[in-house]
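The values are calculated or read from the model by the stated rules, or taken from the named source; none is laboratory data. All of these numbers come straight from a predicted model, not from anything done at the bench. Using ideal geometry, Cβ is built from the backbone for each residue, glycine included, and neighbour counts are taken over all protein chains shown.
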Amino acid sequence: MTAEALAAPAPADFDPGAEAARATAAILHDTLHGTERGVVVDSPPGAGKSTLVVRAALELAEAGRPLMVVAQTNAQVDDLVLRLAEKNPDLPVGRLHSSDADPYDKALDALESVRKSAKAADLAGQAVVLSTAAKWAHVTVDEPWRHAIVDEAYQMRSDSLLAVAGLFERALFVGDPGQLDPFATVGSEQWAGLAYDPSSSAVTTLLAHNPGLPQHRLPVSWRLPASAARLVSDAFYPYTPFRSGTDHGDRSLAFGVPSDGSGPDRVIDEAAVSGWGLLELPARHTPRTDPEAVRAVAAVVRRLLDREGRATSERSPDPAPLTAARIAVGTAHRDQAAAVRSALADLGAGEVTVDTANRLQGREYDVTVVLHPLSGRPDATAFHLETGRLCVLASRHRHACIVVCREGVAGLLDDYPSTEPVQLGTLVKFPDGWEANHAVLAHLAEHRVSA
Amino acid sequence: MSLITTLARLEAVRTGRAQPAATVRHRHLSDRPLVFVPLTTAGEAGAPLGALVGTDRDAPHLLVVPQPRDRDLRFAFLADLADIVLPHVEAYAESVEAAERTETDPETGKRVKVEVDLCADAAQLVVPSRAGIDFVRLLGRSMRFRRTAEQDPETPHPAPPRVPLLGRWLTHYGERARVPGSSLLLAMTDLLGRHWATGQSTLEDQHLGALLAWIAPEFSPEPGLTGAEAARRAELARDADGQLLCPPAGPATDPAFDNRLLAPAIERYDRARTALAAAEDGLEADERLGALTAAEREIRALVDSRTRPTWDAVWRGLDLLRELPEGAHAEERWTRDRWSFTSHRDRILAGEPPQPRRDDAVTAANKLATREREQARLEAQEALDDPLVMAGRRLSGEAFAGEVVDVVMAYSESKRPSPRPLVTVRTDDRPHLGERAKVYRSLGGKPQTAEYVGPAASDDGFGDGTGTGDGDGTGTGDGTRDGDGVLVLRIMDKMGRGKEPEAGSVPEKGDLVCFTLFEHEQRGGAKLPDPEQTPWTHGGPPGAAAAVPEAADAQTEEDVL
């Protein structure tokens, strides 16, 4: 069966809510009553991973099992603490933080049942203790935690799991295999092919040593609209397809101010109708911070704000205004993000989030504007071809995604097929970035507007 | 490739010679480096053909394997190599000074200072190219598990006494060379490539002859060539017999040399040897021994002719590098190399087994963490030591330099207010500063932290935020917004304990300052479990199997040599 066939339109009796509930029930059963030391959950973008983590944490706490939660960034930890407190304000939660200045979100100070400390000993007795992998690595305990939840486990490096795995007896590993792999700043070819290659992802090492662990998958993306789920599933998850929780027509994007006929306005209208838009600039080799492309990105954002957008979705019967907080710009490099930020500040839209793919992981917006990683480049390196980078950029939106790109990327891809050496013993990742890039480009070509 | 490197390469193309990529030397160079120029046999990985090795540029030792497929001759080569390399290494290993090291007391678990020996200097090994480093590693791997007759009287092919020890040292050097900024084992192409930017690709820079031709075209045998022309000559020019004028730096040899010169010479040697073995009386044997010696001498001359140009090139490269003053932090990194050298010496003295074939999970993770830390340390130190490197970081928005235009005293809001002066800096750089981003400057060799407050208020005419500069760093915009950036910073530390900052700890109006967005010093990583405590996620403890020293690869039927 091909990926195409797998991701065919949902049969009439497909009930996303029921499917997702069934998957969640199985995961919770294995976590609470299973015999294996670990459970792995793969989650596509926006499939309710955080909701699952919060629910599992609450049920484990209810069952009286001391729980530690390992996330990868402080923002992720704070977000989980806030969600836990929202679901159960009385649950004694511990937030273990670093001894730097401003180590956690100030919003945590308002929560009565949340205790914060830089020392793990101060948090003994809290039902749930949460921190980053980096902080947990400095903790030593006499008695390990009965249970752990490792969030964003595919973005965690094997060596940081090694540093914390002695702290818990059993664990639930949750993550998105399609997003960016962890990386090392120095070469690590020396260990390629070893099951415990320290630069590989935590899940890769875990499963290599424990192949019998139960693996689950969340089948429904609640974030991605029907227009995007199909493409993202086909291009990035061909062997583990998922569907959107909403159908075509469940969401819509409308604008109060009509188009002025310019490139940005036409691509906005195309994206509002189809969920995708490609604003194509003439072919040219440029520096990374291509001034024209940066200006085009900024112009699209400005027009999105000016045209009084209203987003209608299953969340509420009334349309919600498309504000700056609901828009984000994604780039491949930090200097590109800085250039876009500066251009947006010039247009008075400085409050719109602009970040790299790495930092946008796990975030959600109504509309995203993406500077294509290969736009204007003379070459396509492994960095730019990485599947996860494009996947993150193309899966942050609830309504529409607008890509700004120079012409000629398809030809560039053909000039630079993947040539990474194959290492014995390593799992070859499918699909490769080259193929995924082509798949996305082919789809975007149907929604092309010339600048 | 960073923007400044691209610019330097473009300039090299335009001027016809390499451009400096550094103003100081960022690697320590020993007064007596041991230079090693090996050649290997085509089609037979790890079968050395010969080498030039030594510390005297005018008198290298020439080692040759006249029949590389003969294991006895190979062992003789390795034994000779051990006789040259090991005394050099051991001379350094014997001279020690007292030093302090922090260790965990096994009884109390506390960190205590202990006095230990630290080698006063370490032996430095220089090879021509990166492939040479790989060859050192390969030699190390092929030797360290060998057994000598003394260790194991039963072993079928006992190695000469000191060969396994040489294997352990070469393995250590090869492994240390993977640590960024280390200088125990250096490749000349990497060294030169770090300090000069040529007008060719980094791949082409791995040809030592071509790289030197760009840096010093005047050394080319043909005068008046540009760098590009001289490099092309070094790569491609051949004599009337079809042999390269500038032989590759190895260890691989040129196929034309293999086919037309080396193969016939080895064949003559083989025939002479067979003939000698078949000699029927002493007189005949004497005569045939003469023929064998002549055949061997011929191969020696061939190997010498192909390694000598590279040998000279390595020393010329050392001359060029020695003209640069050593960077301020290079000595500190060399001290780390000395610690590494000393710890390996101690492991050998303690009778520990050779390095295992593969790292266990904990060792691998520790090595990766160390190398990432050293990489960050190296990048920071090179920038601090060298204004040209810092210029590259400034150009990419990771640092900024400028003049202090205003200093306003302010205090922290706490029970005991501490000084938190606001310093206004005018810069032409375009740093990528986020809200409350931390920046650092070097104050007497220690990093001082400041926090980015924001652009200066617009009433002074700067940073009004309405300019039309496109902020892309390409210079096409008018740059009125970013070009005259005026930034306000809040100094956070290194001002002493008092209410008033210590003298000299706060920049003054008119001072030229340089702040970086990257940290100057690296924090130590988390402690990983001991290998015996490897958790279930990583396969559990390595167990008893790993405790037995590994044997060398067993002979198989495919081992025809």
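Assorted remarks:
- Matching option when the condition is basic (Lys, Arg) and buried (at least 21 other Cβ atoms within 10 Å of the Cβ), among A:Arg310, A:Arg315, A:Arg303, A:Arg334: A:Arg303
- Of all residues making up the range B:41-51, the number that are crowded, with 24+ Cβ neighbours inside 10 Å and farther than 13 Å from B:Ile299 by Cα: 1
- For the range A:158-187, filtered to residues that are among the small types (Gly, Ala, Ser), facing chain B (nearest Cβ under 7 Å) and buried (at least 21 other Cβ atoms within 10 Å of the Cβ), the residue that is farthest from A:Leu385 (Cα to Cα) is A:Ala165.
- Boolean, A:Ala148 is of a type in the set (Gly, Ala, Ser) and in a strand (DSSP E or B): yes
- Applying the condition of being in contact with a Ser or Thr (Cβ under 6 Å, 6 or more places away or on another chain) and closer than 23 Å to B:Leu192 by Cβ to the range B:335-375 and asking which residue is farthest from the other protein chains (Cβ to nearest Cβ) yields B:Asp337.
- Here A:Ala328 clears all of (1) surrounded by fewer than 24 Cβ atoms within 10 Å (Cβ to Cβ); (2) within 14 Å of chain B (Cβ to nearest Cβ); (3) among the aliphatic types (A, V, I, L, M) except the condition numbered (2).
- Identity of the residue in the range A:188-207, at the interface with chain B (Cβ under 8 Å from one of its Cβ atoms) and not in a loop (DSSP other than H, G, I, E, B), that ends up nearest to A:Thr51 (Cα to Cα): A:Ala202
- Residue count, the range B:44-92 (criterion: within 24 Å of the chain's Cα centre (by Cα), closer than 21 Å to B:Arg146 by Cβ, modelled with pLDDT of 95 or more and among the hydrophobic types (A, V, I, L, M, F, W, C)): 8
- Long-range neighbours under 7 Å by Cβ, at least six apart or interchain, first residue surrounded by fewer than 19 Cβ atoms within 10 Å (Cβ to Cβ) within the range B:133-155, second part of a loop (DSSP other than H, G, I, E, B) and charged (D, E, K, R): B:Thr155/B:Arg147
- Strands (runs of 3 or more DSSP E) wholly inside the range A:305-351 containing at least 2 residues that are within 19 Å of A:Val392 (Cα to Cα) and modelled with pLDDT of 90 or more: A:327-331
- Screening B:Gly454 with (1) touching a Gly at 6+ places or on another chain (Cβ under 7 Å); (2) at pLDDT 85 or above gives one miss only, at (1).
- Enumeration of residues in the range A:191-241 that are more than 18 Å from the chain's Cα centre (by Cα) and of a type in the set (Asp, Glu): A:Asp197
- Options B:Arg436, B:Arg430: the member that is within 11 Å of another protein chain (Cβ to nearest Cβ) and at positive phi: B:Arg436
- Residue within the range B:312-320 that is among the basic types (Lys, Arg), under 28 Å from the mean Cα position of the chain (by Cα), closer than 28 Å to B:Val96 by Cβ and at pLDDT 95 or above present: no
- Every pair of residues 6+ apart whose Cβ atoms lie under 6 Å, when the first sits in the range B:522-536 and is more than 17 Å from A:Leu206 (Cβ to Cβ) while the second is surrounded by 17 or more Cβ atoms within 10 Å (Cβ to Cβ) and of a type in the set (Val, Ile, Thr): B:Pro531/B:Val362
- Looking only at residues of the range B:165-196 that are of a type in the set (A, V, I, L, M) and in a helix (DSSP H, G or I), we find that the one that is nearest to A:Gly187 (Cα to Cα) is B:Leu191.
- Residue satisfying all of: in the range A:411-425; on the phi < 0 side of the Ramachandran plot and of a type in the set (Gly, Ala, Ser); modelled with the highest pLDDT among these: A:Gly411
- Candidates are the residues of the range B:338-358 that are crowded, with 17+ Cβ neighbours inside 10 Å and out of contact with any Leu (no Cβ under 8 Å at 6 or more places or on another chain); the one that is nearest to A:Tyr196 (Cα to Cα) is B:Gln355.
- When the range B:172-194 is limited to residues that are away from chain A (no Cβ under 14 Å) and hydrophobic (A, V, I, L, M, F, W, C), the one that is farthest from B:Gln355 (Cα to Cα) turns out to be B:Leu192.
- Here A:Ser99 does not fit the description of being hydroxyl-bearing (Ser, Thr, Tyr), within 14 Å of another protein chain (Cβ to nearest Cβ), out of contact with any Pro (no Cβ under 7 Å at 6 or more places or on another chain) and part of a helix (DSSP H, G or I).
- Among the numbered conditions (1) without any contact (Cβ under 8 Å) to a residue 24 or more places away in the chain; (2) within 13 Å of another protein chain (Cβ to nearest Cβ), the only one that B:Leu378 does not meet is (1).
- Wholly enclosed strands (runs of 3 or more DSSP E) of the range B:49-164 bearing at least 3 residues β-branched (Val, Ile, Thr): B:96-104, B:111-119
- Subset of the range A:410-436 (residues that are part of a helix (DSSP H, G or I) and over 24 Å from the mean Cα position of the chain (by Cα)): A:Ala410, A:Gly411, A:Leu412, A:Leu413, A:Asp414, A:Asp415
- Check on B:Ser129, crowded, with 21+ Cβ neighbours inside 10 Å, more than 14 Å from chain A (Cβ to nearest Cβ) and over 21 Å from B:Ala51 (Cα atoms): no
- In the range A:208-228, the residue that is surrounded by the most Cβ atoms within 10 Å (Cβ to Cβ) out of those that are more than 9 Å from chain B (Cβ to nearest Cβ) and not in a loop (DSSP other than H, G, I, E, B) is A:Ser221.
- From A:Val403, A:Val340, A:Val354, residue being more than 13 Å from chain B (Cβ to nearest Cβ) and either crowded, with 24+ Cβ neighbours inside 10 Å or under 20 Å from A:Arg288 (Cα atoms) (or both): A:Val403
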